[in-house]
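The values are calculated or read from the model by the stated rules, or taken from the named source; none is laboratory data. The model shown is predicted, which means the values in this text are computed figures rather than measured ones. Using ideal geometry, Cβ is built from the backbone for each residue, glycine included, and neighbour counts are taken over all protein chains shown.
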Amino acid sequence: METTRSTPSETLAQVHTRLAREADAVYRLSPFSALSRDYFSRFSRDLERRPELGELEIRDDWSIIIGADAHPTSRLMAGHLAEFLQQCVGVELPVITVPAANPEGVPHSITLVESGGGDPAIPESFTLLLQTDRAIIHGCDPGGVRDGIVRIVNLMGLRQAPYLECREQVYRPRLAVRIGALPWLGACRDLVFLGYNTVLLPGATLFELSTSDVIPELAARRHPDALARMRRIAEEAVQYGLKTYCWVSTVTKFAKDDPIFNNHPGIRGALTWKEDGDYILCTEHPLVQQWLTDSVERLFRDIPGLWGLGIIIGGEGFYHCFMRPYGATPGHTTCPRCEALGPESVVSRMCNAMAQAARRVNPDAHLVAWPYSAEHVWAVDGALAGVIENLAAGTAILTEIEKEALVEKPYGFSKLIWDYSIDAIGPCSRARDQISLCQGAGIPALLKSEPELAFEASRLANVPCMDRWLARAEALAASGAMGAAVVPAFRNFFATVAAEAGLWMWWEPCRNAEWVLAALADRVAGPDTGPALRQAWHWVSEAIAYSPEIPAYYHGPHYLGPAHPMCADRDALLPQVFYGQYLFRAEMTEAEGLELRPTFWRDVANAEPLIRCYRQMHALLQRALGELGQAAQSVPARCRIPFEAEVGQIRWFYHTVRTEVNFYESCTLRDRITALLVKRERTPEETQMGLALCERWRETLLDEWQNAREALPLAQADVRLDFYYGGDHTFPHLEDMLQAKIKLVRAEIDQFLPSVAGRFGSRQRLTT
């Protein structure tokens with residue numbers, strides 16, 4: 001791998017902090033930021049709409065009624081309902097407190113009732129009684145009232161008017177636990193209206209969060225600000241009746257000469273990752289066990305409403321002695337203490353001890369163990385039967401809905417899904433097996449999914465394949481899992497239209513998927529353009545079926561899209577703008593993380609079947625854009641920002657796939673031409689073939705040059721696409737990369753390619 005040693009003035013932590021600060025500042029100025037920092041901004045009233053037969057109309061002479069003894073969550077949500085009605089549909093209602101809310105309702109009111117509704121056997125269920133002169137949100141508990149308000153807000157939002165279909169309906173959540181992340185610049189209110197009941201707190205390491213003094217040497221690793229940030233969000237979450245879920249990362253390891261090993265030599269565990277790597281603390285040592293349980297117990301006391309503590313127990317990170325031990329074969333470790341016990345015992349004992357510590361504070365708490373890549377590192381079997389059967393009450397398994405799926409593709413090959421895909425809807429066989437094992441062991445299972453992002457188009461704010469997101473939401477709900485963690489892994493959470501899919505699939509009865517898609521498209525694009533947007537989503541969803549691979553993280557044409565250089569000259573020195581830093585500290589030392597690494601590929605082998613797949617994707621994405629074409633001119637002003645936020649992603653996806661076709665084609669042509677050039681003697685036919693291939697290459701490069709130029713305005717208009725603000729990998733700005741790419745390809749067309757053609761005897765300048 002090409003790397004460039006830099007002379008950094010910042011640490012990795014400082015780089016992360018600076019990028020986060022800069023990204024927040026720039027994103028606030030984006031017209032699209034309103035969609036994630038204020039959920040209600042996606043709604044607007046269509047003044048042309050009138051109530052239909054069988055609909056109630058909420059008017060200014062109505063009121064919102066709540067009992068004097070109502071839970072604070074119900075009071076808070078009543079205020080948000082009034083806010084929505086005023087802000088989004090132009091109806092101003094007072095919130096009136098009465099001694100006791102009448103379950104029968106009151107004429108010209110929306111009445112909130114906290115008990116006796118819904119299904120008494122299912123927490124957070126609710127009944128909606130909608131009549132011509134009144135509306136009653138009747139929860140089985142305050143959580144039911146909360147979610148009932150969420151339902152009617154979103155129904156009116158889709159209707160784009162204060163109208164609701166008259167009916168009586170009991171709604172039951174299909175997933176007991178729905179973990180979501182706060183939208184970028186958003187708050188718990190936004191999470192609630194997206195349909196979640198558990199909030200993912202900002203991540204940190206347990207070493208940063210711990211307040212335990214069991215091992216004094218670890219006090220220097222504390223990060224009080226991280227704990228304070230979690231606590232602030234948790235306190236807000238409690239106001240909404242939300243549970244909180246804390247993801248604890250596993251990047252921390254220790255140098256061989258760390259003072260902790262000098263003072264406590266017995267606690268050193270396995271050497272990790274590589275020969276000159278670091279060591280972890282052995283979780284089988286009594287002192288480490290005491291520190292772990294004390295830290296967890298204190299954390300649950302420190303964070304209000306903490307329900308779950310999530311850790312990776314697989315092969316990514318360093319929590320126990322079987323996680324990537326250097327010099328050990330899979331299923332083994334270099335720690336003698338843990339090797340004698342075996343991985344299933346070591347992992348389950350650690351999880352059980354942490355879960356018991358959590359339940360000393362919150363009897364309903366769970367230690368959520370995520371195996372991730374355990375089957376490739378230490379697990380005896382992919383389903384982790386040996387671990388699951390040893391897990392005790394208070395533990396849960398989190399597993400990916402799509403991982404290890406094998407999707408058959410045209411042209412005779414299969415696509416192995418690693419993760420972060422929307423190609424395989426799921427649950428895959430691995431997930432189904434783990435859910436079944438958890439059910440047999442009497443412990444909960446949760447499924448992991450992205451809310452809007454997939455690696456089929458990894459730099460988009462969302463992949464606009466709404467048919468697939470609805471199907472994924474249904475698959476999560478029908479899986480048999482207790483809950484779902486629908487949280488982003490690599491990007492900020494933009495709370496796009498794709499993130500709304502769960503609202504319509506996670507409660508029964510479910511709305512018909514086609515009804516949801518048509519209504520969402522109508523809301524985003526207006527009545528005239530909505531059908532075209534609905535069809536565009538369909539063609540994008542169809543295009544995903546031809547996606548031939550899960551690309552490598554952080555580099556390649558799939559990631560950079562139209563900013564990716566073509567690398568026609570395999571030996572050319574590319575400008576530094578095409579280099580970035582890999583910041584994932586779990587796998588890198590500080591120095592390695594700060595090195596500049598190429599973000600680009602120079603070569604692709606065996607590309608022909610991939611080219612055919614990408615051409616099919618390209619054609620379908622062209623159809624998607626064609627659907628929008630003239631229809632985009634009919635988008636009403638009130639819908640302009642939501643529409644452009646969605647359609648811009650389709651356009652960038654199209655330009656990305658166009659780059660994939662051109663890059664793979666360019667590599668193939670270069671290899672064929674090179675094979676002819678290395679011949680000592682060529683026949684006239686081979687010379688003519690070489691010239692014909694050069695002409696094809698010129699056409700490919702010209703198309704890519706034009707592709708990058710067409711993509712440039714998109715990059716300038718939407719900061720969400722900017723590579724510079726990129727999670728575990730930092731790049732130069734997208735606009736700068738595109739500008740450099742345009743110049744590079746132009747030079748390849750005008751200078752490099754004619755020199756290649758000249759070697760076949762051509763005296764004609766190949767340029768346009």
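What to note about this one:
- Residue 33 vs. criteria more than 20 Å from residue 169 (Cβ to Cβ) and under 36 Å from the mean Cα position of the chain (by Cα): yes
- In the range 57-77, the residues that are farther than 12 Å from residue 113 by Cβ reach residues that are assigned to a strand (DSSP E or B) and basic (Lys, Arg) with C-beta atoms within less than 9 angstrom, at least six apart or across chains, in these pairs: 62/134.
- Test: residue in the range 331-341 that is of a type in the set (A, V, I, L, M) and within 24 Å of residue 229 (Cβ to Cβ): no
- So residue 714, is it under 26 Å from the mean Cα position of the chain (by Cα) and either farther than 25 Å from residue 552 by Cβ or in contact (Cβ under 8 Å) with a residue 60 or more places away in the chain (or both): yes
- Taken over the range 388-426, the residue count meeting the criterion of being in contact (Cβ under 8 Å) with a residue 12 or more places away in the chain, more than 23 Å from residue 487 (Cβ to Cβ) and of a type in the set (A, V, I, L, M, F, W, C) is 5.
- Residue match in the range 524-546 (condition: at pLDDT below 95, surrounded by fewer than 23 Cβ atoms within 10 Å (Cβ to Cβ) and not in a helix (DSSP H, G or I)): no
- Strands (runs of 3 or more DSSP E) lying entirely in the range 223-299 (those with 2 or more residues that are surrounded by 14 or more Cβ atoms within 10 Å (Cβ to Cβ) and of a type in the set (S, T, N, Q)): 243-249
- Test: residue 577 is in contact (Cβ under 8 Å) with a residue 60 or more places away in the chain and in contact with a Pro (Cβ under 8 Å, 6 or more places away or on another chain): yes
- Just one residue in the set 622, 633 is surrounded by fewer than 23 Cβ atoms within 10 Å (Cβ to Cβ), without any contact (Cβ under 8 Å) to a residue 24 or more places away in the chain and either of a type in the set (Lys, Arg) or part of a helix (DSSP H, G or I) (or both); that residue is 633.
- Considering the range 398-436, and only residues there that are of a type in the set (A, V, I, L, M) and over 16 Å from residue 372 (Cα atoms), the residue that is surrounded by the most Cβ atoms within 10 Å (Cβ to Cβ) turns out to be 422.
- In the range 285-307, the residues that are assigned by TED's automatic domain parsing to the domain that holds residue 360 form Cβ pairs under 8 Å with partners that are among the polar types (S, T, N, Q) and outside any loop (DSSP other than H, G, I, E, B), at six or more places apart or across chains, as follows: 293/356; 303/244; 304/244; 305/244; 306/244; 307/198; 307/244.
- Filtered residues of the range 522-533 (kept if in contact (Cβ under 8 Å) with a residue 40 or more places away in the chain and in contact with a helix residue (DSSP H, G or I) (Cβ under 6 Å, 6 or more places away or on another chain)): 522, 523, 524, 525, 526, 528, 529, 532, 533
- Qualifying residue in the range 72-92 (condition: over 34 Å from the mean Cα position of the chain (by Cα), at pLDDT 95 or above and crowded, with 17+ Cβ neighbours inside 10 Å): yes
- Identity of the residue in the range 555-606, acidic (Asp, Glu) and surrounded by 18 or more Cβ atoms within 10 Å (Cβ to Cβ), that ends up nearest to residue 252 (Cα to Cα): 595
- Wholly enclosed strands (runs of 3 or more DSSP E) of the range 48-154 bearing at least 3 residues in the same structural domain as residue 503 (by TED's automatic domain parsing) and polar (S, T, N, Q): none
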